[in-house]
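First up is the structure itself, then whatever we jot down about it.
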Amino acid sequence: MLKPAYETINQKIYNDSQNIAYTQKKIKPLYYADPKAKILIIGQAPGKRAQDTHIIWNDPSGVRLRQWLGVSDEVFYHSGKIAVLPMDFYFPGKGKSGDLPPRKGFAAKWHPILLETMPNIQLTLLVGSYAVKRYLHLKGSTKLTDVVRNYQNYMPEYFPIVHPSPRNQIWMAKNPWFADEVLPELKKRTKLILED
């Protein structure tokens, strides 16, 4: 149940002319925000399944993300301690090699408004290149692998990671340091924040 402030913001997003194609189909914006949130996850955009079920990260990528964080479905969805603001709150459609990118300018328009309602965020997890490059102000040519390998440079505010999509299995195999070094630190940091 959205609280009054969030209901107002949600209605503004729903009624925004930029989103009219979705609104006409009665598709609602998909994100989670709560004033109690301590961890914020910024990813790409909801997938088709997430949009259809109106449950964010409701796919194999979401299962893996929760494993990486070391949290249960209950904590992820119902504790209020984890917020999720994708770079776009709507499924952008399918492209030749996966989902289309989030729409330009969407996050810049709506994220600041929602971030103001969540003063207790202690860590922002940046998932994938769109979120990483926008929030860390990196050039488009910057290699995500290099950023993730040097994740400690962006702590304690940001924690950049690759997308947990099964498509990244080959990347995981080529970069064993991610599972060996980065993920244990992510789980440790998540646990400390959520238990605080």
Tabulate in residue order the Karplus-calculated ³J(HN,Hα) for the range 30-41, using 6.51 cos²θ - 1.76 cosθ + 1.60 with θ = phi - 60°, rounded to whole Hz; enter x for Gly and Pro. 10, 6, 10, 9, 8, x, 7, 4, 10, 10, 10, 10
Whole-Hz couplings from phi, Karplus 6.51/-1.76/1.60, listed for the range 160-169; x for Gly and Pro: x, 9, 6, 5, x, 4, x, 4, 8, 4
Please check: in the Gaussian network model of the chain (C-alpha springs, under 10 Å), which one of ASP180, ASP73, ASP34 has the largest mean-square fluctuation. ASP180
Local charge sum around LEU136 (other residues, Cβ-Cβ under 13 Å, Lys/Arg +1, Asp/Glu -1)? +2
Once you have a ≥ b ≥ c as the square roots of the Cα gyration tensor eigenvalues for the range 48-171, tell me rounded if a/c is under 1.5, and otherwise prolate or oblate according to whether a/b is larger than b/c. rounded
So what is the 222 nm mean residue ellipticity for the chain from helices alone, if each DSSP H run of at least 4 adds -39500 (n - 2.57) and you divide by all residues, rounding to the nearest 500 deg cm²/dmol? -11000 deg cm²/dmol
Treating only the Cβ of Lys, Arg, Asp and Glu as charged (+1, +1, -1, -1), what charge dipole size does the chain show about its Cα centre? Round to the nearest 20 debye. 600
Heavy atoms only, probe 1.4 Å: what % of the accessible area of the chain goes to carbon and sulfur, would you let me know? 53
Just list whichever of LYS3/LYS188; LYS28/LYS94; LYS38/LYS191; LYS3/LYS187 have alpha carbons separated by over 23 Å in the model shown. LYS3/LYS188; LYS3/LYS187
Please report the relative contact order for the chain, taking Cα pairs under 8 Å with a sequence separation of at least 6, and give it as a percent rounded to a whole number. 25
Taking the Cβ of GLU74 as the center, what net charge do the other residues with Cβ under 14 Å away carry, scoring Lys and Arg +1 and Asp and Glu -1? +1
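The values are calculated or read from the model by the stated rules, or taken from the named source; none is laboratory data. Keep in mind that this is a model prediction, so the values were computed, not measured. Neighbour counts run over all protein chains shown; Cβ positions are idealised from the backbone, glycine included. Protein only, heavy atoms only, side chains kept; ligands, DNA and RNA dropped before computing areas. Shrake-Rupley method; radii C 1.70, N 1.55, O 1.52, S 1.80 Å.
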